[in-house]
Amino acid sequence: MNTTRVIYNFSFYNPDGSPGAIGSNEILVPVENDTYWKYYEVVSQSSWAQHFANFVNKVLNATGATKVDVVAHSMGGLVVRSAMAFYGIKDKIRKLIMIATPNNGVERSNWGVYLGLIIWPQWMHRGEGLELGVDVEVTEIIVSISPPGVFPIIGETYNVTFKNVITGEEGKWTYLLNKMDWAGNCKYVVITGNRNPWRFWLGWGDGAVKKDWCVPLPGSSFEPTIYASHDHNGEHLLRAGSSGEFSLTECTYVTEFIKKWMIDDEDTYYGAYFVDKPSVGPVGYPPYSLRV
């Protein structure tokens with residue numbers, strides 16, 4: 001019998017750009033009172049994890065399938081995992097590939113985070129920013145003629161502690177999520193990159209996310225690291241370009257892994273290794289090979 005596979009693209013943010021956060025069905029809440037109310041103001045308006053759970057249920061109802069496979073990029077992996085843990089779809093995900101997902105949260109003193117946070121609207125600072133584990137106070141903004149166009153002057157940064165209202169345990173939002181029985185029988189992997197496209201000592205890891213923010217993740221079937229950047233971006237004064245084989249969202253390794261491990265259900269895992277590192281630019285450079 002032929003099996004028809006259907007691919008759906010899901011973007012978890014509100015289409016109108018209105019506020020929201022990943023959310024945890026009110027199970028994980030900030031400990032500090034001021035932080036609690038900043039977070040509540042945002043998460044009470046919309047939960048990305050709830051959106052995703054609703055979407056999965058619609059797909060299953062429309063197709064008659066019992067489970068779906070999911071490929072998630074960056075924060076999307078946390079959205080999927082929270083939906084599985086707190087919104088009733090743990091047993092509806094068969095396989096999950098997370099690409100550069102910060103499963104372990106982020107560090108306070110990281111310029112890559114600040115360069116990302118500064119272009120976020122304020123509600124994102126108070127939503128997924130807090131869920132990542134950092135409360136950032138920006139005291140001044142310097143406008144630049146070069147991309148990204150703005151630079152933040154950071155005042156205080158704070159580690160954010162959440163509490164599981166059921167167990168009473170405290171820690172980072174991501175730490176508490178990792179402690180949950182979120183996966184069920186789902187098989188999952190985490191793919192990370194280590195090509196930082198930023199120049200002048202800016203950025204970390206893949207340019208946005210460091211490897212140890214992503215892995216280890218207990219129970220993961222495979223955690224390869226490849227020479228590629230966080231996503232597709234053009235080149236400018238401060239950053240080298242990242243596209244094709246230099247982008248985690250486009251490179252051959254990731255696309256082949258999706259086809260072989262997820263779609264074809266091959267049990268063999270494919271490892272990434274350096275063939276050669278370019279001395280000047282990406283011209284003619286094969287960043288890795290697939291091997292059994």
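The values are calculated or read from the model by the stated rules, or taken from the named source; none is laboratory data. Everything quoted here is computed from the prediction, not taken from an experiment. Every residue, glycine as well, gets a Cβ built from its backbone with ideal geometry; the counts of neighbours run over all protein chains shown.
Below, the figures for the structure above:
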read-out: Helices (runs of 4 or more DSSP H) lying entirely in the range 1-108 (those with 1 or more residues that are of a type in the set (Gly, Ala, Ser) and at pLDDT 90 or above); value: 48-63, 75-86
read-out: Hits in the range 191-214 (condition: surrounded by fewer than 22 Cβ atoms within 10 Å (Cβ to Cβ), outside any loop (DSSP other than H, G, I, E, B) and within 16 Å of the chain's Cα centre (by Cα)); value: 211, 212
read-out: Output for the range 54-104, where each listed residue is small (Gly, Ala, Ser) and either surrounded by 24 or more Cβ atoms within 10 Å (Cβ to Cβ) or in contact with a strand residue (DSSP E or B) (Cβ under 9 Å, 6 or more places away or on another chain) (or both); value: 72, 74, 76, 77, 82, 83, 85, 100
read-out: Residues of the range 215-234 classified as over 30 Å from residue 181 (Cβ atoms), in contact (Cβ under 8 Å) with a residue 12 or more places away in the chain, assigned to a loop (DSSP other than H, G, I, E, B) and not hydroxyl-bearing (Ser, Thr, Tyr), total; value: 3
read-out: Residues of the range 229-249 satisfying the condition of being touching a Lys or Arg at 6+ places or on another chain (Cβ under 8 Å), buried (at least 18 other Cβ atoms within 10 Å of the Cβ) and either modelled with pLDDT under 90 or small (Gly, Ala, Ser) (or both); value: 229, 233, 239, 240, 242
read-out: Pair list, Cβ < 7 Å and 6+ apart or interchain, from the range 36-60 residues that are closer than 25 Å to residue 90 by Cα to residues that are of a type in the set (Lys, Arg) and at pLDDT 95 or above; value: 56/92; 60/92
